[in-house]
1. For Ala61, enumerate residues with amide H under 5 Å from its amide H, sequence gap 5+ or separate chain, H modeled in the peptide plane.
2. Can you run phi through the Karplus equation (6.51, -1.76, 1.60; θ = phi - 60°) for region 68-81 and list ³J(HN,Hα) in whole Hz, with x for Gly and Pro?
3. Looking at the P(r) of region 111-159, how many percent of alpha-carbon pairs lie beyond 17 Å?
4. Using the C-alpha gyration tensor of region 70-112, what are the square roots of 5 times its eigenvalues, in whole angstrom, with the largest one first?
5. All other residues with a Cβ under 11 Å from the Cβ of Pro83 taken together, and with Lys, Arg as +1 and Asp, Glu as -1, what is their net charge?
6. Of Ser87, Ser26, which has the most accessible area and how do the rest follow, probe 1.4 Å?
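The values are calculated or read from the model by the stated rules, or taken from the named source; none is laboratory data. Note that the coordinates shown come from a computational prediction; the quantities given were computed from them, not determined experimentally. Please note: Cβ atoms are built from the backbone with ideal geometry, for glycine as well, and neighbour counts cover all protein chains shown. With ligands, DNA and RNA removed, areas are computed over all heavy atoms of the protein, side chains included. Shrake-Rupley method; radii C 1.70, N 1.55, O 1.52, S 1.80 Å.
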Amino acid sequence: MNTQNVNTAASESSKTWVKGQKICVSANDLRTRWHNTDAGNENATPAKGKHYPTRNGSYGADVLLLDEADVAALMAAGNTTLPRLASSGRGMTALYDVGDISAERYIIASRGQIYYRTASWQDACREYIRRSSSVMAEEAKKFFDRFHAACDAGLDYYQASDVARGIISLESALNPAQDIQVTAGAADTTLNDIPF
């Protein structure tokens, strides 16, 4: 079961610390893990790690590729989750602390990938703020690009906002489905004749 090429989108800085057997785990539950990359297997390792956002604006969950020894040490220390020190819900960036089990204890994850790892708290804070603001700026630009495209297509601000947030597609906003009212019986049509 090969997991060597799972984290292909990771930055160069994260490749320097990986030494042992790697394992993909959920940061919210270290017991949830993927061991293989078989495409036919329903429990196959996500190809590039993954960030699962939540709809209420909170952070969500990361699936990260970590050393199996680090995960075992965290669980032996009584942790079932990767301790998250900070997170930006809309920026999809989090700062994790693996503790004294590793020389590079602070992990910055961005969009489900390990972006930066360091032993210095000051470096971790600086890189976390820089990365989260960068990701939030990219996401805001994408939102406003979709919003302006929807406005240019003739939608009002409310519908354009729904299109920009991904709630509805631009095509369905421009061509809404007709609401067809179905009554219980064909003989009683007085419900359709309300004048207001």
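1. Tyr52
2. Per residue, the Karplus-derived 3J(HN,Hα) values read 4, 5, 5, 5, 5, 5, 4, 5, 5, 7, x, 8, 9, 10 Hz.
3. Of the Cα pairs, 53 percent sit more than 17 Å apart.
4. Ellipsoid semi-axes (Å, largest first): 21, 11, 8.
5. Residues near Pro83 contribute +1 overall.
6. I get Ser87, Ser26, largest accessible area first.
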